[in-house]
Amino acid sequence: MGNKELRKILTAVEDVAKRDRLPVVVFDLDSTLFSTAPRNLAILHEFIERHHAEHPHLSDIGKRIGLEDMGWNVYQDLRRFGVEDTRLLDRLKSFWFERFFTDAYVLHDEAVPGAADFVLACHARGALIYYLTGRHVGGMEIGTVRSLKERGFPFWRGRCVLHLKPSFEMNDKAFKDDAIDDIRSYLGEVVATFENEPGNANMFLRAFPDATHVLLTTIHSPEAEAPSSRLLLTDDFVWS
């Protein structure tokens, strides 16, 4: 998928607005609009700083590991650099879990290239921007709003919705079902959706078959389902 397809989505937003319908564009956040690599790397570097005295080899790894080495989880990233100590990796899992899903650490995320400009362009053409994320209320909402604003995404300007999980523990399927119902409640026309998880992108395709559905080829869960051949693929939002 190239910038031509992204421009087609912008044109479709304009066309829906001209018909006095509300165009809706749905965006996932983690690994879609935002790269979580800086968040993971910051947590990993902090862990290394705290434990390098006990595990001196971590210092060398800390100097060599970078954003391009960040994958689905930091403990697998560390294993790729030769760390096999299961006790150390278990400590890293706990350390990561306590930080990754927090307001403070989400501020490390950086926007995927072109993402903010593209979302702004959709909004300027009349779209309702629907940010849909598994981030949860009661721990990530403040950081998420700050991150959206500081990275240049539209938020406090009308026609912007942020849908987070009501709680961290909420079942994923129930959350997704609620999200589909909520999107439909705006009585608009879904023009496009953007996701990094093939399963979620397939779900949107089933729910809104007339829309354009885009899969970000960034990172996704290790056991993700196969993506539909009807999904468009891209690794960024550069359109102009």
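Each reported figure results from applying straightforward, stated rules to the coordinates on display, with no laboratory input. Fair warning: this is a prediction, and the values are worked out from it, not measured in the lab. In this analysis, Cβ positions are derived from the backbone assuming ideal geometry, glycine residues included, and neighbour counts consider all displayed protein chains.
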Whether the chain is rounded, prolate or oblate, judged on the alpha carbon gyration tensor where a/c under 1.5 counts as rounded = prolate
ask   = Which is farthest toward the positive dipole end of the chain among I61, A12, P227, measuring Cα position about the Cα centre, with Cβ charges +1 (Lys, Arg) and -1 (Asp, Glu)?
value = A12
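Taking 8 Å as the Cα distance limit and 6 or more residues as the minimum spacing, I'd like the relative contact order of region 37-106 as a percentage. Before the final figure, lay out each step's value.
Numbers: 46 pairs, mean separation 29.3, N = 70.
Relative contact order here is 42 percent.
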inquiry  = Counting only other residues whose beta carbon sits under 10 Å from that of V24, what net charge do I get with K and R as +1, D and E as -1?
reply    = +2
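Which pairs in the list K18/K173; K18/K176; K4/K165; K93/K173 are over 27 Å apart, alpha-carbon to alpha-carbon?
Values: K18/K173 35 Å; K18/K176 30 Å; K4/K165 34 Å; K93/K173 25 Å.
Violating the 27 Å limit, Cα to Cα: K18/K173; K18/K176; K4/K165.
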